[in-house]
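The values are calculated or read from the model by the stated rules, or taken from the named source; none is laboratory data. Worth saying up front: this structure is predicted, and the values here are computed from it rather than measured. Heads up, the Cβs are rebuilt from the backbone with ideal geometry, glycines too, and the neighbour counts pull from every protein chain shown. These accessible areas exclude ligands, DNA and RNA; they are computed on the full protein's heavy atoms, side chains included. Shrake-Rupley method; radii C 1.70, N 1.55, O 1.52, S 1.80 Å.
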Amino acid sequence: MDPFSAEGELLNIHSAFHSGQYQSVIDFETSALSPENKLPAQVLRLRAQIALGQFDESLAEPSIEEDSPDLSHKNSQRTTPENNTVQILAATVLQAQDHSEEALALLSKHQGNLEAVSLIVQIHLQQNRTDLALKEVQAAKRWGQDSLLVNVAESWVGLRVGGEKYQSAFYVYEELASAPSTSAPLAIVGQAIAEIHLGRLPEAEAALTAALEKYPTDVELIANSIVLNVLAGKQTEELESRLQQVQPSHSLLTDIQEKSEFFDTAAAKFSAKVST
């Protein structure tokens, strides 16, 4: 593989990861990559496995220390929290275990690392701190404005900020979803969410329906299709059953169950008393 082709392959892996094609990242053949490209590719592979909940598989991966000048035992003095690879992998695991503050503390040590920026933005949004997520994106735009990661992170924040940001986010996701090398459920979900906020329910439904035909077990496609059906006044039982089979612990199912129980409790207080 020539250097230019190798660079393009790494870019494809990068794009696939950040558009939600985690299995594609895992399946990429990386043996022909140069040593300097192998490390980021393997880091993305490990992060994809963590994102899919494949913790045992990620632990069983061959060690990346021997091939990495950053993580080699011979260079153990560099294996510190300031190391970019350590930051990203450790923060990803911490966040997956709901240790958000520890993850943020580690990521705050980054110096111009877009992967760290994207994780920080995701964590802040999960914490409902849109203000901090926006601040992080605005800072990153000063030095990484043309990066795919910055554009996508800005779209994440835009979907929370609302207003004219919905349309801006839609354009980013539309471009991402239409690109052959990066088309993925996550991009289509982002596009559909923007459509929903813009009041374009038929367009959102068309995008999600087409994507579900191609990715019938993608949990975010299923979950967002359920939300769309609720908004459109359509049945959700089949989709809820499918989500239950794919990921019983999904937060949407938990939320639906909790609200159903709240309703039953409230309804019981007003149930008619039958006198005998």
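A few remarks follow.
- Qualifying GluC sites (Glu not before Pro) in the stretch 92-196, where qualification requires a DSSP coil assignment and no more than 11 other C-beta atoms within 10 Å, comprise 164.
- The stretch 96-152-the stretch 212-276 distance, computed between alpha-carbon centres (Å): 32 Å
- Counting every C-alpha pair in the stretch 188-276, the share spaced more than 22 angstrom apart comes to 37%.
- To put it simply, the accessible area of the stretch 107-218 at a 1.4 Å probe is 50 percent carbon and sulfur.
- Note on residue 263/residue 27: beta-carbon distance plugged into 1/(1 + (r/R0)^6) with R0 of 35 Å gives a FRET efficiency of 0.20.
- Globularity index of the stretch 99-225, i.e. its alpha-carbon radius of gyration over 2.2 N^0.38 Å: 1.09
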